[in-house]
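Visitor: My questions all concern the structure below.
Throughout, read-outs are computed from the coordinates displayed, never taken from laboratory work. The shown structure was predicted, so the numbers you read here are calculated from the model rather than taken from an experiment. As a convention, Cβ positions derive from the backbone with ideal geometry for all residues, glycine included, and neighbour counts pool all protein chains shown.
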Number of protein chains: 2
Amino acid sequence: MHVTLVHVHVKADHIDDFIAATRLNHQASIQEPGNRRFDVLQAPDDASRFILYEAYVDANAATAHKQTAHYLSWRNNVADWMAEPRQGVAYRGLFPQD
Amino acid sequence: MHVTLVHVHVKADHIDDFIAATRLNHQASIQEPGNRRFDVLQAPDDASRFILYEAYVDANAATAHKQTAHYLSWRNNVADWMAEPRQGVAYRGLFPQD
């Protein structure tokens, strides 16, 4: 698996907006054939901080995600709600192996 | 979901040992009824750094994991291979909701 942890810090007055938009992105992303996980995590001690845990079968599938209508719509919708730029960190998924 | 990201830094001469032991832990952990993910990730730019992405249906299931024979065996096996103490960071899993 090709995994990306996207660290997100949202403006405090747009947390609910961000969750609603990201729910739609989650629902569409898990339908992508190369997707394995699209988990949306919130820090328990700071509701403005999130991680998107995005796992794809390979780097090509991860790249294809960024060309989908739902990703592009999400990116546009959340742009003004970021408290700071998102940070994506890539990892090699060893297990599971599929 | 109750999610924990466990950040692991392994001694350079025990990377393969750690992967082999953690593979066994992965294989057993995903059989636990409350487990949703037990992904093992390796940093692409530093083979000695890993993340264990552990998702359970709730905090009780995560606690139960730490009482299993496979977890206790893993913990014992890897103890001398740590370059520094493991750091577990908990998150609230918003999506998926099951």
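Visitor: If you take the square roots of the eigenvalues of the alpha-carbon gyration tensor of region A:1-55 and sort them as a ≥ b ≥ c, do you get rounded (a/c under 1.5), prolate (a/b over b/c) or oblate?
Guide: In terms of gyration-tensor shape, oblate.
Visitor: Right, here's the next one. Restricting to Cα pairs below 8 Å that are 6+ residues apart, what does the relative contact order work out to for chain A? Please round to a whole percent.
Guide: 47 percent
Visitor: Follow-up. Which lysines have a Cα lying under 28 Å from the Cα of A:Lys66, excluding residues fewer than 8 positions away in the same chain?
Guide: A:Lys11
Visitor: For helix A:69-78, report the angle its Cα long axis makes with the longest principal axis of the Cα atoms of chain A; keep it between 0 and 90° and round to the nearest 10°.
Guide: 30 degrees
Visitor: On average, how many beta carbons from a partner chain sit within 10 Å of the beta carbon of a residue in A:41-49?
Guide: Counting other chains' Cβ atoms within 10 Å and averaging over A:41-49 gives 3.
Visitor: Here is a further query. Averaged across the residues of B:54-67, what count of C-beta atoms belonging to other chains lies within 10 Å of each residue's C-beta?
Guide: Mean partner shielding for this stretch: 0.
Visitor: With a ≥ b ≥ c taken as the square roots of the eigenvalues of the C-alpha gyration tensor of region B:22-98, please select rounded if a/c is under 1.5 and otherwise prolate if a/b is larger than b/c or oblate if it is not?
Guide: Since a/c reaches 1.5 but b/c is at least a/b, the shape of region B:22-98 is classed as oblate.
Visitor: Same structure, new question: Relative to the first principal axis of the alpha-carbon coordinates of chain B, what is the inclination of helix B:15-29, with its axis defined by its Cα atoms, in degrees from 0 to 90 and to the nearest 10?
Guide: Its long axis makes an angle of about 20 degrees.
Visitor: Same structure again: Hey, how much of the P(r) for the protein assembly as shown falls beyond 21 Å, as a percent of Cα pairs?
Guide: Distances greater than 21 Å cover 52 percent of the Cα pairs.
Visitor: Follow-up question, since we're still on this one. Suppose every K and R has +1 on its Cβ and every D and E has -1 on its Cβ; what is the size of the dipole of chain A about the Cα centre, in Debye to the nearest 20?
Guide: Its charge dipole is roughly 260 debye.
Visitor: I would also like to ask the following. Put +1 on the Cβ of each Lys and Arg and -1 on the Cβ of each Asp and Glu in region A:19-98; which of A:Gln67, A:Ala79, A:Gln42 then has its Cα farthest toward the positive end of the dipole?
Guide: Sorting the options by dipole projection puts first A:Gln67.
Visitor: Then there's this: What value, in deg cm²/dmol to 500, does the helix sum -39500 (n - 2.57) over DSSP H runs of n ≥ 4 give at 222 nm once divided by the residues of chain A?
Guide: The helix-only estimate for chain A comes to -10000 deg cm²/dmol at 222 nm.
Visitor: Now, a different point. Please state the charge dipole magnitude for the protein assembly as shown, taken about the Cα centre, from unit charges on C-beta atoms (+1 on K and R, -1 on D and E), reported in debye and rounded to the nearest 20.
Guide: Dipole of the protein assembly as shown, to the nearest 20 debye: 140 debye.
Visitor: Could you give the nm distance between label points at B:Gln87 and A:Glu84, where each point is 7 Å from its Cα heading toward the beta carbon?
Guide: Distance between the two pseudo-spin positions: 1.4 nm.
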